[in-house]
Amino acid sequence: MKTVNHWIGGKTVEGTSGNYGPVTDPATGAVTTQVALASLEEVDAAVAAAKDAYATWGTSSLAARTAVLFRYRALLDAHRDDIAALITAEHGKVHSDALGEVARGLEIVELACGITTQLKGELSTQVSSRVDVSSIRQSIGVVAGITPFNFPAMVPMWMFPLAIACGNTFVLKPSEKDPSAANLLAELAAEAGLPDGVLNVLHGDKVAVDGLLNHPDVAAVSFVGSTPIARHIHTTASANGKRVQALGGAKNHMLVLPDADLDAAADAAVSAAYGSAGERCMAISAVVAVGAIGDELVARIKERAEKIKIGPGNDPASEMGPLITAAHRDKVASYVTGAAAQGADVVLDGTGYTVEGFEDGHWIGLSLLDHVSTDSDAYKDEIFGPVLCVLRAETYEEGVALMNASPFGNGTAIFTRDGGAARRFQLEIEAGMVGVNVPIPVPVGYHSFGGWKDSLFGDHHIYGNDGVHFYTRGKVVTTRWPDPADAPAGVDLGFPRNH
């Protein structure tokens, strides 16, 4: 059986803990690979490699760093299909979704290529007699990144390209459920000329995570995952004096006003709720229909959802693949089966779905729940699967109040033809990312990604300007120089002394 090992100090390093985790093909349910799970000693080795590399990388020129990143971007572009194939094999998402993931990750590599402008400092001259004040930004050291299973290439690329462009070194701990893409990303970075130890990949479970959170040589931690784990990451790393950005879970709402284009809203709801099998923190999982449009909107969503082709991710005809594990599939199904008992109308029931010839895969169909109450489990919890809840509100104000009462505040959207209503919404809604007639408002790379409330722990969003600020620290220099005309006696710099 294939084994995925660590990448430390610029080379593959076999696991020594004796512990391995299974990696399955979600379409077949078969275990295809095992991944080495790191011990604390292996955590120490990865951090030590990063610390050693920082001694030279942290003082390297911007020109040298960006030259590597430009070559890296070209290699990633050339290997898009290879990276996407690994994602499909271990995560299960369809190839087009996997390619889209790589493309969004590449945006941040491109941002890192242009890091020179974002690392420029500031200068104020003559703040006092012959006194100038300047501010600069410098790297912080060894950074750890802990990333989720649902975007095994994109989320790591949201972190390490910016971190290393800023002069830091990086230890990536990807999800043990789909680890292979991370290794390929590191191998391509080495091929691009990234020095040994600047980017390391450490595979593991809670032992590796806690080892990084507690390690004295790790200066900062970036995390994307569920809210309970994000809270643990933030609490533990902060207690150890580390800088932390921990992005948590979500329950993203889409408000549909009576004047909205219902066809556009239904299209958006289907793609945003069921794309990537709903396994994404920016999925729309709750639609709030305002006024009398609810029944018609639900009918149009149902009509479109029933046409979605579910199958193996490597089948070009498939529009949605399986879930990552059988256990997760069963958990998602439990919300659908429990919804009716809690008062919801089950318009579409995706539980019990199978694909002919792949009966052992982690399959589930699309589920649509209508008249969902705010106290039901299907509404309160982040399901992370292809389940869409529809709630009803009589007015705009009632809908916004419902949405703002959620403990999550990641992303949200409004569908309307009214510019005034959209303007009010973007100011009044309590969420970090807002879409106006855009269902999944993931910002482009030069803006920052992050939510509010229980969707973010820490002060910085990820990538964009916030990412640069997170991976650097500011320094202010105040300088006074004597006028050259005041040089000591006997030293003639050619300046007149009659000033």
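The values are calculated or read from the model by the stated rules, or taken from the named source; none is laboratory data. Owing to the predicted nature of the structure, the values given are computational and were not obtained by experimental measurement. Neighbour counts run over all protein chains shown; Cβ positions are idealised from the backbone, glycine included. Note: areas computed on protein heavy atoms with side chains; ligands, DNA, RNA excluded. Shrake-Rupley method; radii C 1.70, N 1.55, O 1.52, S 1.80 Å.
From the Cα trace of segment 247-336, what convex hull volume per residue do you get, rounded to a whole Å³? Mind showing how you got there, number by number?
Values: hull volume 10.8 nm³, N = 90.
Value for segment 247-336: 120 Å³ per residue.
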Provide the percentage of antiparallel DSSP beta bridges, counting only those with both residues in segment 226-374; round to the nearest 5.
-> 35
Counting sequence-distant residues (5 or more places) and residues on other chains, those with an amide H built under 5 Å from that of Leu456 are Gly248
5 angstrom amide H check on Leu255, placed H, neighbours 5+ away = Val288, Ala413, Ile414, Phe415
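What is the dipole size for the chain, taken about its Cα centre, with +1 at each Lys and Arg Cβ and -1 at each Asp and Glu Cβ, in debye to the nearest 20?
Around 1580 debye, computed over the chain.
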Selection from Val133, Thr416, Leu212 lying farthest towards where the dipole of the chain points positive, charges on Cβ = Val133
Residue-wise, which Karplus ³J(HN,Hα) couplings in Hz belong to segment 320-337, taking 6.51 cos²θ - 1.76 cosθ + 1.60, θ = phi - 60°, and x for glycine or proline?
-> 8, x, x, 7, 5, 9, 5, 5, 5, 4, 5, 5, 4, 4, 5, 5, 6, 5
Members of Lys93/Lys302; Lys242/Lys331; Lys251/Lys475; Lys307/Lys453 lying beyond 32 Å, as alpha-carbon distances in this model show = Lys242/Lys331; Lys251/Lys475; Lys307/Lys453
Angle in degrees between helix 180-191 and the longest Cα principal axis of the chain, rounded to the nearest 10 = 30
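Compute the accessible area per residue over the chain, keeping the other protein chains in place, probe 1.4 Å, unit Å². Write down the numbers at each step before the final one.
Details: 20030 Å² over 499 residues.
Using a 1.4 Å probe on heavy atoms only, each residue of the chain averages 40 Å².
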Taking just the C-alpha trace of segment 62-209, give me its Rg and Dmax in Å.
-> 17.7, 66
Hey, if we sort Val436, Val256 by accessible area with the 1.4 Å probe, largest down, what's the order?
-> Val436, Val256
For the chain, which whole-number percentage of the solvent-accessible area (1.4 Å probe, protein heavy atoms only) is attributable to carbon and sulfur atoms?
-> 53
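Any chance you could tell me what percent of the C-alpha pair distances in segment 138-297 go past 19 Å?
Numbers: 7666 of 12720 pairs.
Counting every Cα pair in segment 138-297, those more than 19 Å apart make up 60 percent.
Place the peptides 193-202, 8-17, 107-116 in order of packing, highest mean first, counting for every residue the other Cβ atoms within 10 Å and averaging per peptide.
Values: 193-202: 23.8, 8-17: 16.7, 107-116: 20.4.
Answer by packing, highest mean first, reads 193-202, 107-116, 8-17.
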Please determine, in degrees from 0 to 90 and to the nearest 10, the orientation of helix 40-57 with respect to the longest principal axis defined by the Cα atoms of the chain, where the helix direction is its Cα long axis.
-> 50
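Calculate how many DSSP beta bridges within the chain are antiparallel, expressed in % of all such bridges and rounded to the nearest 5. Please report the intermediate quantities before stating the final value.
Numbers: 32 of 75 bridges.
Just about 45 percent of them are antiparallel.
Put Val155, Val477 in order of accessible area, largest first, 1.4 Å probe: what do you get? Show your work: numbers first, answer last.
Details: Val155 5, Val477 55 Å².
Ranking Val155, Val477 by accessible area, largest first, yields Val477, Val155.
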In Hz, Karplus ³J(HN,Hα) per residue of segment 473-483 (6.51, -1.76, 1.60; θ = phi - 60°; x = Gly, Pro) | 10, x, 9, 10, 10, 10, 10, 10, 10, x, 5
Taking the chain and counting helices only, DSSP H stretches of n ≥ 4 at -39,500 (n - 2.57) each over all residues, the nearest-500 ellipticity at 222 nm comes to -11500 deg cm²/dmol
Whose amide H sits under 5 Å from the amide H of Phe170, counting only residues 5 or more places off or on another chain, with H placed in the peptide plane?
-> Val143, Leu199, Asn200
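When the dipole is taken about the Cα centre of segment 83-200, and only Lys, Arg (+1) and Asp, Glu (-1) are charged at their Cβ, what size is it in debye, to the nearest 20? Could the numbers behind the result be given before it?
Details: 7 positive and 12 negative charges, 81 e Å.
I would put it at about 380 debye.
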If one compares the long axis through the Cα atoms of helix 227-239 with the longest principal axis of the Cα atoms of the chain, the angle in degrees, nearest 10, works out at 20
How big is the chain on each of its three principal axes, counting only the C-alpha atoms and giving the largest first in Å?
-> 94, 59, 40
